[in-house]
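Report on the following structure.
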Amino acid sequence: MLYRYIVENFKSFRDQAELAMIPSVGGCSHLIDGDTNIPVLKTAVIYGANASGKSNLVRSMAFARDLILNKEKVNGVSNPCYRLDQESMNRPTVFHFELKINEALYQYGFSILFSKSLVTEEWLYEIIEKKPLFSRAYNEAKFIYDYEFETDDLSEEERNRMSVYMDDLKNAKDRLVLTELAQKKLSDEVSLWNRINEVYTWFKKLTIIFPNTRFNLLTAVVADESKINNLYKDYFRLFNLAIDNIHLNQVPIAMLPLNQETLAEIKSDLLAKDTKGDARGMINLRGHEYLLELDELGDLTAKEVKFCHLKREDGGVADFSKWEESDGTQRLFDLIPALARLVKQEGVWVIDEIDRSLHSLVTRKIISFFLKESQGIRSQLICTTHEQLLLDISLLRTDEIWLTQKNSPDEISELYPLAKYKVKFPENIEKNYLLGRYRGIPVLDD
């Protein structure tokens with residue numbers, strides 16, 4: 001679970017921005033671990049004008065996650081810092097997460113000076129036990145890192161091995177220690193090793209969906225059509241979609257609009273994930289949705305997802321590709337797996353523009369369904385939206401509603417909760433928001 005996220009000097013966020021999932025007002029609704037000293041909220045819904053910073057906040061989380069998972073690189077070419085003043089371009093960008101994993105509470109973060117492609121600091125602490133697990137800071141005088149590690153539970157052999165790792169990482173200016181140590185192997189009984197892996201695994205499970213995400217995050221999909229339909233049909237009924245069934249239609253791999261190099265990369269990725277003969281993935285190509293997997297011989301195969309609509313005349317069905325469905329149906333097809341997992345499994349999902357292409361009532365239904373059906377599940381949904389119908393105190397708490405504001409003339413984004421305002425008449429939140437009383441709206445000439 002995410003307790004707090006802080007970012008500084010990333011795109012339009014020049015100054016520190018903090019998203020806190022810790023309740024700041026009274027009430028016991030929408031709480032995870034509400035009977036503990038540190039409860040956490042299930043939801044954060046972020047509003048703001050166009051270009052106010054909502055998507056930049058999500059992009060910052062995605063960038064940090066991808067850097068940790070080695071999908072992004074530290075380099076000065078694509079410098080994502082605030083670039084409207086020279087000082088910011090030459091100071092570090094900071095990413096800071098506070099996470100609850102099982103019963104432990106961790107603080108993990110790092111800072112990067114992109115102009116020099118340099119990780120300047122990195123740290124991991126266990127907050128409840130007040131125990132530093134590791135930290136490092138770049139020593140500009142020596143041009144190496146100064147390290148500190150918690151080694152109380154390490155054997156002499158493991159301490160020696162850790163010492164070797166530290167020597168290897170003393171010049172790791174563009175790499176993260178968390179990432180490097182997660183690839184190493186210490187004893188499974190070593191607390192430090194387990195905790196590093198717990199944090200690394202949390203980031204592997206952090207799911208972020210953008211409006212233009214091409215690979216659908218359908219990790220629940222299997223090759224069995226009956227299981228696919230069991231996943232989707234209840235939700236199609238929930239959202240009143242006139243789809244009777246989903247069918248997987250085998251297509252020759254040569255028909256996919258992909259060159260041989262790309263196909264080879266996909267096959268290699270699936271082989272790397274194929275530990276139990278069940279590696280598969282979804283890909284969207286020109287509006288067509290394909291399930292890619294390896295057959296018994298290890299060859300790449302493809303099945304196109306078809307939506308089956310009933311023919312009222314004879315009871316037959318007509319198949320439609322994804323691109324032939326409405327934008328709203330396509331969006332729901334991407335969001336349903338997220339919703340299905342959120343109500344059953346622990347996890348954190350971040351969705352940028354959750355309301356894109358959806359009717360207001362459908363967007364509200366997604367949020368209300370999640371809050372109702374995920375009670376007792378350690379799952380969280382963080383999303384950005386323009387949907388006014390969610391500004392309802394009977395649906396969301398005031399500390400679950402956040403706003404972004406870009407302040408002139410420096411175009412600096414600010415993030416703050418609605419709970420900072422004394423909301424005297426909660427039934428008028430939507431009206432007061434549109435009147436600008438909480439800011440976070442476009443400033444138009446009229």
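The values are calculated or read from the model by the stated rules, or taken from the named source; none is laboratory data. What you see is a predicted model; the values in this text were computed from it and never measured. Methodologically, a virtual Cβ is constructed for each residue, glycine included, from the backbone with ideal geometry; neighbour enumeration extends over all protein chains shown. Protein only, heavy atoms only, side chains kept; ligands, DNA and RNA dropped before computing areas. Shrake-Rupley method; radii C 1.70, N 1.55, O 1.52, S 1.80 Å.
Are there trypsin sites (Lys or Arg not before Pro) in segment 83-120 that DSSP puts in a loop and that have at most 13 other Cβ atoms within 10 Å, and which ones?
Sites meeting the loop and neighbour criteria: Arg83.
For the residue pair Lys116 and Tyr165, what label-to-label distance in nm results when each label sits 7 Å from Cα along the Cα-to-beta-carbon direction?
It is 2.6 nm.
Quick one: which residues, 5+ away or cross-chain, put their amide H under 5 Å from the amide H of Ile412? H built at 1.01 Å from N.
Excluding prolines and chain starts, which carry no amide H, the hits are Asn407.
Under 8 Å for C-alpha pairs, at least 6 residues apart: give me the relative contact order for the chain, rounded to a whole percent.
On the way: 766 pairs, mean separation 84.5, N = 446.
Rounded, it is 19 percent for the chain.
When only DSSP loop residues count, what GluC sites (Glu not before Pro) in segment 86-195 have their Cβ near at most 14 other Cβ atoms within 10 Å?
Sites meeting the loop and neighbour criteria: Glu103, Glu129, Glu140, Glu189.
Quick one: what Rg and Dmax do you get for segment 1-106 from the alpha carbons, in Å?
Calculated on Cα positions, Rg and Dmax stand at 15.9, 48 Å.
Would you mind counting up the charge near Tyr108? Only other residues with Cβ under 9 Å from its Cβ, with Lys and Arg at +1 and Asp and Glu at -1.
Overall, the nearby charge balance is -2.
Pick from Asp33, Asp66, Asp314 the residue whose mean-square fluctuation is largest in a GNM of the chain, springs joining Cα atoms under 10 Å.
Asp314
Starting at the first residue of segment 22-36, write each ³J(HN,Hα) from the Karplus equation 6.51 cos²θ - 1.76 cosθ + 1.60 with θ = phi - 60°, in whole Hz, x for Gly and Pro.
8, x, 10, 10, x, x, 10, 7, 6, 9, 9, 6, x, 8, 9
With every protein chain left in place, what is the accessible area of Arg237 in Å² (1.4 Å probe, nearest 10)?
Estimated to the nearest 10 Å², Arg237 gives 150 Å².
How would segment 94-156 be classified by its alpha-carbon gyration tensor: rounded, prolate or oblate, with rounded meaning a/c under 1.5 and the a/b versus b/c comparison settling the rest?
Oblate is the answer for segment 94-156, as a/c is 1.5 or above yet b/c matches or exceeds a/b.
Using each residue's phi in segment 369-385, evaluate 6.51 cos²θ - 1.76 cosθ + 1.60 at θ = phi - 60° and report the 3J(HN,Hα) Karplus result to the nearest Hz, with x for Gly and Pro.
5, 4, 5, 6, 7, 9, 4, x, 9, 7, 10, 9, 10, 10, 8, 10, 6
Out of residues 5 or more away from Met21 or on other chains, whose amide H comes under 5 Å of its own, with H placed 1.01 Å from N in the peptide plane?
Here the answer is Arg4, Tyr5, since their amide H atoms fall under 5 Å of that of Met21.
Rounded to the nearest 5, what is the percent of antiparallel bridges among the DSSP beta bridges in the chain?
80 percent
Treating only the Cβ of Lys, Arg, Asp and Glu as charged (+1, +1, -1, -1), what charge dipole size does the chain show about its Cα centre? Round to the nearest 20 debye.
900 debye
Could you give the accessible area per residue of the chain, probe 1.4 Å, as a whole number in Å²?
Details: 21960 Å² over 446 residues.
Value for the chain: 49 Å² per residue.
Taking a threshold of 32 Å on the Cα-Cα distance, which of the pairs Lys184/Lys267; Lys204/Lys372; Lys227/Lys267; Lys184/Lys372 fall above it?
Correct reply: Lys184/Lys372.
Considering only protein heavy atoms and a probe of 1.4 Å, how much of the accessible area of segment 295-446 is carbon and sulfur, as a whole percent? The partial results should precede the final answer.
Working: 3680 of 7650 Å².
Solvent-exposed carbon and sulfur of segment 295-446 make up 48 percent of the total.
What's the local net charge at Tyr145, with K and R +1, D and E -1, over the other residues with C-beta under 15 Å away?
With Lys, Arg at +1 and Asp, Glu at -1, the net is -3.
Mind checking Rg over Rh on the chain, alpha carbons, Kirkwood formula for Rh?
0.98
Give the longest segment of the chain that steers clear of chymotrypsin sites (Phe, Trp or Tyr not before Pro) in DSSP loops with at most 11 neighbouring Cβ atoms within 10 Å, not counting the sites themselves.
216-446
Quick one: dipole size for segment 18-150, taken about the Cα centre, charges +1 on Lys/Arg Cβ and -1 on Asp/Glu Cβ, in debye to the nearest 20.
560 debye
Using only helices, what value at 222 nm comes out for the chain when you add -39,500 (n - 2.57) per DSSP H run of length 4 or more and divide by the total residues, to the nearest 500 deg cm²/dmol?
-8000 deg cm²/dmol
Taking +1 at the Cβ of each Lys and Arg and -1 at the Cβ of each Asp and Glu, which of Ile401, Cys81, Pro442 sits farthest along the dipole of the chain towards its positive end, judged by Cα position relative to the Cα centre?
Highest projection toward the positive end goes to Pro442.
Using amide H atoms built in the peptide plane, which far-off residues or other-chain residues are under 5 Å from Ser379 H to H?
Residues meeting the criterion, in which the H sits 1.01 Å from N, are Gly347.
What GluC sites (Glu not before Pro) in segment 287-364 are in a loop by DSSP, with at most 14 other Cβ atoms within 10 Å of the Cβ?
Answer in residue order: Glu296, Glu313.
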